[in-house]
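For reference, the structure discussed in these notes is given below.
Bear in mind these aren't lab numbers, they're just calculated from the coordinates by the rules spelled out. Model, not experiment: these values are computed from the prediction. Glycine also receives a Cβ, built like all others from the backbone with ideal geometry; neighbour counts cover every protein chain displayed.
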Amino acid sequence: LINRDIVAYARSKGYFTIGRGSGANSLIAYCLHITDVDPIDLDLYFERFINLFRETPPDFDLDFSWTDRDDVTRYIFERYGHEHTALLATYSEFKERAFIREVAKTFGLPKDEIDSLIKAYGEKADKVQGQIPDKFARSIYKYGAYIHHFPNLLSIHASGILISELPIYNYTATWMPPKGYPTTQFDMYVAEDIGLYKFDILSQRGLGHIKDAVAIIRQNKGEEADITQVSQFKTDPVINERLSTGNTIGCFYIESPAMRMLLKKLQVKDYLTLVAASSIIRPGVARSGMMREYIVRHRFPKEREKMHPVLGKIMPDTYGVMVYQEDVIKVAHYFAGLTLSEADVLRRGMSGKYRSREEFQRIRDKYFENCREKRYDDALVKDVWHQIESFAGYSFAKGHSASYAVESYQSLYLKTYYPIEFMVGVINNFGGFYSTELYVHEARMSGATIAAPCINKSYRHTVVYDTTIYLGFQHIQSLEQPIPARITAAREQGGPFESLEDFLQRVAISLEQLEILILVDAFRSTGVSKQELLVAAYMQLHKTKKTAPSLQLFPPEERPDYHFPQLHHSRLQDAWDQIQHLGFPLISPFEMLPPEVREQSFPAAKDLPALKGKAVEVLGYYVTRKVTYTIKGEVMYFGTFLDRNGDWIDTVHFPDVARQYRFRGKACYRIRGKVTEEYGTYSIAVSNMEIVHMLTIQT
């Protein structure tokens, strides 16, 4: 009921919220509108929510927009009282990177040497200690091992709030962090032992995307986008086609390169498959090898014949493959014969917290003992246990995945039917997986015209008029925070700015800040070139630090008349000004390449299926990369690029190539390699790669 109260307050304020966690498995929670997932429709496992043997209360994770979460937290403290409410603390431990740094400081190593040690061995110190050639470094690891996993710092839990029946000081002393709310001096595990209930109040940008997009649609189109009609979204063929092709940039949880590729491999065209995809992308399932197994069984029904009949009966929807957290409970209980209490210990062991406890080891031994009594094949028993162990990578509960999938469908609906307004909402919430540049590109691909910030059209945030997007002042690097507010206030009070002189009469600004606005072409509505504006700005402000707005009954009788020689200007110069002050150009980066490269023909992303198995050379603009490690611990990459048409090219950089041909930041690259295919998705296995330098401005 407290969760219901929190959600009711949020909705009364117009906040968007998602309820997830094991609470999503509760029918009562669904009926109280705490969650948006029907547990009967999805056949959610109620014992994951609560069972007779579970020793800890179920958890509700309540997500809010990052802009609304602080107000929800304020409401909880005021509603339930500061004496009965506290933020939950957490203890960060000395893990590999932390103990290396602290012990190395004690040994007197300089920062650059410490950083080198951490870079070389920080993530795997316990495995490579005997392989470290330097005797001095080995001593650091030796003594660091003594404080490994010891408490390091007292901090604030990412989302936990405690509400107690008795005043909170009956259980703990509190401290006041900069957040401004009393905070416990124990963590969630002690709170559980005491019997205090933790409420998880989280924030995410996805809900901000949706909330802002709905408001922008109302303002720009005069329409109400009803994002509550999720059942209609699930059966919309246009939305599901977009889903199956991975055209999901900006959509919550399903926009990363790995997720888009998974959507295409699975050919996801319905809600239930998206729920499974939202979980199998997680490290636990991927690490166990069950992601690949699920894809094969989903795409090729004959492969399902390989599944063990008991596992197939326990998990028919996922073809006998462990995908969700509750699958651990089901398999441990029905397959291995453990009690629900013992199965829940296994589930909690996924977090790694209990792996050193004797209880966990006892239940592990009982698992193998029970399986021997049931006369299961040894290979099968070990394989199933490997799947259970792999869930240390934090897989999702099915209800959790289902809640995420609902939000994904809401984003998909907005992207499908209001693509420009939706992308403005994404940009104003500072994106998601990608940089602002990529979302600007996506808006352009959706038919928008992208305009640089303008003193007469722009606000702090990005705005859209019909199909023209004016970037917000907040995207101008080095622009002081008060400037946008001054500009919009002066414009609302006195109307549009007619000239530079008019602007300077009404807005307090320094020469340096004025130059930045001129260079991003924010004064283009005056009809005066940037070069002329820069000279005029210098002539008027070079003797003063800042203009001060003045109230005048009449404008000056004569404006300064400056005579200029013929000044040359180019789109290339504008592009470099935009890179300097916005971080990216508003023209295609391919337009900034040398003529001999621009005129050369390269295969595009759409040509790759016809070139399967062949060596190709493509030209791509770098978007992002994912670092991963081979079984031997060698670094390799998965790259993501855009071609000239704005379509995606995915690349694989194996260790030898990754070492020899490095990524050198945001730029265009010549990429050579072989086209490969897996379940209908195409990539380039890179053999070599080189950066293509952009044209510079001739001075």
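When segment 60-73 is limited to residues that are hydrophobic (A, V, I, L, M, F, W, C) and not in a helix (DSSP H, G or I), the one that is nearest to Tyr146 (Cα to Cα) turns out to be Phe60. Kindly establish whether Ile691 is in contact with a Cys (Cβ under 9 Å, 6 or more places away or on another chain) and within 27 Å of Phe584 (Cβ to Cβ). Here the answer is yes, as Ile691 does meet what is asked.
Evaluate the following for Met592: is it surrounded by 15 or more Cβ atoms within 10 Å (Cβ to Cβ) and under 27 Å from the mean Cα position of the chain (by Cα)? No. Give the residues of segment 5-45 that are in a loop (DSSP other than H, G, I, E, B) and charged (D, E, K, R), sorted by residue number. Listed by number, the residues that qualify are Lys13, Asp36, Asp38, Asp41, Asp43. Mind checking which residues of segment 164-206 are in contact with a Gly (Cβ under 9 Å, 6 or more places away or on another chain), among the aliphatic types (A, V, I, L, M) and over 30 Å from Tyr439 (Cβ atoms)? The answer is Met188, Ala191. With a requirement of 1 or more residues that are under 27 Å from His441 (Cβ atoms), the helices (runs of 4 or more DSSP H) lying completely within segment 182-267 that satisfy it span 205-221, 230-234, 237-244, 257-266. Per the listing Asp70, Asp5, the residue uniquely within 30 Å of Ile210 (Cα to Cα), surrounded by fewer than 21 Cβ atoms within 10 Å (Cβ to Cβ) and under 26 Å from the mean Cα position of the chain (by Cα) is Asp70. Quick check: anything in segment 651-664 over 26 Å from the mean Cα position of the chain (by Cα), in contact (Cβ under 8 Å) with a residue 60 or more places away in the chain and assigned to a loop (DSSP other than H, G, I, E, B)? No, the conditions are met nowhere in segment 651-664. The number of residues in segment 630-650 being under 22 Å from the mean Cα position of the chain (by Cα) and assigned to a loop (DSSP other than H, G, I, E, B) comes to 2. Close contacts from segment 289-308, counting a first residue that is in contact (Cβ under 8 Å) with a residue 40 or more places away in the chain and a second that is among the aliphatic types (A, V, I, L, M) and assigned to a helix (DSSP H, G or I), with Cβ to Cβ under 8 Å and a gap of 6+ residues or different chains, come to Met290/Ile280; Ile295/Leu262; Ile295/Leu266; Arg299/Leu266; His308/Leu380. Out of segment 74-110, which residues are farther than 25 Å from Thr184 by Cα and assigned to a helix (DSSP H, G or I)? Residues satisfying the conditions are Glu96, Arg97, Phe99, Ile100, Arg101, Glu102, Val103, Ala104, Lys105, Thr106.
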